[in-house]
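S.K.: Below you will find the structure I want to go over with you.
The values are calculated or read from the model by the stated rules, or taken from the named source; none is laboratory data. A quick note: this is a predicted structure, and the numbers were derived from the prediction, not measured. Because the Cβ atoms are built from the backbone with ideal geometry, glycine has one as well, and the counts that use them run over all protein chains shown.
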Amino acid sequence: MAGVAAIAALIGDVVSSKRHSNRLEAQELVIAALRRVNQVLPSVQRLEVTIGDEFQGAYASVADATLATLLVRLELLPAVDTRYGLGWGGTTIFDPARQPISQDGPTWWAARSAIVEVKERSRLPRSRSLRTWFSNGDADAATVPAEFVNAFLLCRDGTVGRMSERGVRLLRGLLAGQSQAQIAKSERISQSAVSQQLARSGAYAIRAAHEELAGASR
């Protein structure tokens, strides 16, 4: 049994999973999305399915964990929607050889509390589009106040929730570092149309907000 420094834990699951006509196909899509995000975003513990439609992972910073939630969600929309609880704090690893790793601690308690919170808040008309919440399991070690992170998440998820299917694809390409010309070619539209849609949808603002959060978490 070993304790480690504070980390950002991520717990995710599928929204309305029981309503999917083919739950096996939905889970295969989730597994593939987690694999792709694991390849592009460094983690402390890679994203992996745990039980049922739930998955988890851990990151060195709240900013990285927050970005992971967006990347996974964009990989899966519109076929599958997902929600997330994020936590910050220490963790105790009981069995590092077991997959998923057997562990416990404040960061995981906080992430579990956060995913319960996002389920409750998303039932309210004013926050129906909310898919992510952050709970601080170690306020003394946190670099960004939970209130700031959650204010950002409310705006980010609300913006993504209003995007069209093309808007989601454009944001995904933008975050992947694709040029406007590359995105335009894949969408079979003009580069000018890509630029206009990225600006109109709020995609540029989302990218800039994530960059600001990353800077604040250092």
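S.K.: Any residue in the stretch 122-134 that's under 16 Å from Leu77 (Cβ atoms) and part of a loop (DSSP other than H, G, I, E, B): show its pairings with residues that are at pLDDT 95 or above and of a type in the set (Phe, Trp, Tyr) at Cβ separation under 7 Å, as long as the two are six or more apart or on different chains.
M.R.: Arg131/Tyr84
S.K.: Ala68 versus (1) assigned to a strand (DSSP E or B); (2) in contact with a Gly (Cβ under 8 Å, 6 or more places away or on another chain); (3) buried (at least 17 other Cβ atoms within 10 Å of the Cβ); (4) aliphatic (A, V, I, L, M): which is the lone unmet condition?
M.R.: Here Ala68 meets the rest and fails (1).
S.K.: Here's something else I'd like to know. Against the definition (buried (at least 23 other Cβ atoms within 10 Å of the Cβ) and among the polar types (S, T, N, Q)), how does Gln56 come out, yes or no? Explain how you work it out, then say what you get.
M.R.: On the way: buried (at least 23 other Cβ atoms within 10 Å of the Cβ): yes; among the polar types (S, T, N, Q): yes.
Answer is yes for this residue.
S.K.: Return the pairs, sorted by first residue and then second, in which the second residue is in a helix (DSSP H, G or I) and of a type in the set (Val, Ile, Thr), the first residue lies in the stretch 157-175 and is without any contact (Cβ under 8 Å) to a residue 12 or more places away in the chain, the beta carbons are less than 6 Å apart, and the residues are 6+ apart or on different chains.
M.R.: none
S.K.: Let me ask you something else. Would a scan of the stretch 154-161 turn up a residue that is among the polar types (S, T, N, Q), within 17 Å of Tyr84 (Cβ to Cβ) and either in a helix (DSSP H, G or I) or not assigned by TED's automatic domain parsing to the domain that holds Pro125 (or both)?
M.R.: yes
S.K.: Please determine, by comparing only the residues of the stretch 96-121 that are among the polar types (S, T, N, Q) and either closer than 24 Å to Leu67 by Cβ or in a loop (DSSP other than H, G, I, E, B) (or both), which one is modelled with the lowest pLDDT. Quick ask: steps written out before the conclusion?
M.R.: Here is the first cut: in the stretch 96-121, the ones among the polar types (S, T, N, Q) are 99, 102-103, 107, 113.
Within this subset, residues satisfying the condition of being either closer than 24 Å to Leu67 by Cβ or in a loop (DSSP other than H, G, I, E, B) (or both) are 99, 103, 107, 113.
Working: Gln99: 58, Gln103: 64, Thr107: 90, Ser113: 96.
Taking the candidates together, the pick is Gln99.
S.K.: Going through the stretch 136-153 one residue at a time, which ones are modelled with pLDDT of 95 or more and either in the same structural domain as Glu211 (by TED's automatic domain parsing) or polar (S, T, N, Q) (or both)?
M.R.: Within the stretch 136-153, Asn150 is the sole residue that qualifies.
S.K.: Going through the stretch 176-218 one residue at a time, which ones are surrounded by 14 or more Cβ atoms within 10 Å (Cβ to Cβ) and touching a residue at least 60 places away in the same chain (Cβ under 8 Å)? Working first, answer last.
M.R.: Within the stretch 176-218, the first condition is being surrounded by 14 or more Cβ atoms within 10 Å (Cβ to Cβ), and the residues that meet it are 178, 180, 182-184, 187, 189, 191, 193-195, 197-198, 201-207, 209-210, 213-214, 216-217.
Selection gives Ile206, His210, Leu213, Ala214, Ala216, Ser217.
S.K.: Identify the single condition in (1) assigned to a strand (DSSP E or B); (2) of a type in the set (Ser, Thr, Tyr); (3) outside the structural domain of Gly57 (by TED's automatic domain parsing) that Tyr204 does not satisfy, given that it satisfies every other one.
M.R.: In the conditions (1) assigned to a strand (DSSP E or B); (2) of a type in the set (Ser, Thr, Tyr); (3) outside the structural domain of Gly57 (by TED's automatic domain parsing), Tyr204 misses (1) alone.
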